[in-house]
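The values are calculated or read from the model by the stated rules, or taken from the named source; none is laboratory data. Quick caveat: nothing in here was measured; it's all calculated off a predicted structure. Using ideal geometry, Cβ is built from the backbone for each residue, glycine included, and neighbour counts are taken over all protein chains shown.
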Amino acid sequence: MVTDVIRMHLGNVRAALRGKVEDRLDEAAQRYLQAGPIARVDFSAPKGEEALIGPDSVSWRIFKNPISLFIGGVTAVLLEFADPRVRTGVWEHSTFRKDPVGRLKRTGAAAMITVYGAKSVAATMIGGVRRMHDRVEGKTPSGEPYRANDPELLNWVQATASYGFLEAYSSYVHRISDADKDRYYREARGSAALYGATSPPASAAEFRALFERASARFERSDIVFEFLNIMREAEAFPGLARYGQRPLIRAAVELVPQRARDILGLGKRYGLRPFEGYVVRRLARRADRLMLRSAPPAQACVRLGLAEDHLYRRRQH
């Protein structure tokens, strides 16, 4: 009896301390993001309006984790940059080189709105992205033409994003079953169609098949290494969290399929160092239990009448 009382008391103390830590981190995150586009979106409104994907989806589970999202986003860009058309379009028509943090925040905001935003908000945002991409076209250094809204390129960009976020979560947070991986790819098809993708992968097997076809066009470029250098120096995380940034980038390289790594020249020295995998997993798993009340996942749950910690309750993975 006494042991049970002590255990209960310790549990209450831990919960109180965790709540204070969450509140402080929430305040820090708000200060960091307040100048970005995500600060202008109210994920708690309109009340009751559904998102493009439901709250019990694999996607909602995955996108709540800021550590695996960062890792997966870097993996996705590395795969996108393997195709010279996508690489040239991004490098010549975006602000990434001049304002990498701003670009990261805008990309992150788009992902959050697509997954957690109300349907009307997401559709408006995606429409704006497509109109912006209508103006993006040109030629690669070898003279090959490209258009940002080319369905073939959009299929590849959507596929790499899905792969990066999924594999980062499954590798560094909680293992995702094969069935849930396929479910996750299917969940993304609706929003992918709004962006203009005509045949994004509907399963892990379809991603692998698309990768095999796309890899025939892969080529090495110094831009890939310039991108990695920018990511190492960019203030992608606030405060002390920046100390973990470089291992997270190396964790992202680890997820790039070996064939692509070989073509891009991403040898062993670009991957995780001894013991870093353990550190990355500890960080990512702790982040998965960290509920930030002002963040899109919690606010989206409130919009749908769910408890704000709906996604953070322990569940079987």
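Points worth noting:
- Options R246, R259, R269: the member that is in contact with a Lys or Arg (Cβ under 6 Å, 6 or more places away or on another chain), without any contact (Cβ under 8 Å) to a residue 60 or more places away in the chain and in a helix (DSSP H, G or I): R246
- If you go through segment 124-135 and keep only what is buried (at least 16 other Cβ atoms within 10 Å of the Cβ) and either more than 19 Å from the chain's Cα centre (by Cα) or not aliphatic (A, V, I, L, M) (or both), you end up with just H133.
- Residue within segment 136-150 that is buried (at least 17 other Cβ atoms within 10 Å of the Cβ), acidic (D, E) and assigned to a helix (DSSP H, G or I) present: no
- Scope segment 172-196; condition surrounded by fewer than 22 Cβ atoms within 10 Å (Cβ to Cβ), within 23 Å of A122 (Cβ to Cβ) and of a type in the set (A, V, I, L, M, F, W, C); matching residues: A193, L194
- Taken together, I176, I126 contain a single residue that is in contact (Cβ under 8 Å) with a residue 60 or more places away in the chain, part of a loop (DSSP other than H, G, I, E, B), within 22 Å of F207 (Cβ to Cβ) and of a type in the set (A, V, I, L, M, F, W, C), which is I176.
- Close Cβ contacts (under 8 Å, 6 or more residues apart or on different chains) running from residues in segment 196-210 that are in a helix (DSSP H, G or I) to residues that are among the polar types (S, T, N, Q) and at pLDDT 95 or above comprise F207/S162; L210/N155.
- One residue from R259, R217 being closer than 17 Å to L154 by Cβ, over 18 Å from the mean Cα position of the chain (by Cα) and of a type in the set (K, R): R217
- Residue match in segment 145-165 (condition: among the basic types (K, R) and touching a strand residue (DSSP E or B) at 6+ places or on another chain (Cβ under 7 Å)): yes
- Segment 270-317, residues that are hydroxyl-bearing (S, T, Y) and surrounded by fewer than 18 Cβ atoms within 10 Å (Cβ to Cβ): Y278, S294
- Checklist (1) in contact with a helix residue (DSSP H, G or I) (Cβ under 9 Å, 6 or more places away or on another chain); (2) part of a helix (DSSP H, G or I); (3) closer than 25 Å to R261 by Cα applied to R103, failing item: (1)
- Yes/no for R259 being of a type outside the set (V, I, T) and surrounded by 14 or more Cβ atoms within 10 Å (Cβ to Cβ): no
- Residue satisfying all of: in segment 85-123; surrounded by fewer than 19 Cβ atoms within 10 Å (Cβ to Cβ) and at pLDDT 95 or above; nearest to E187 (Cα to Cα) among these: K119
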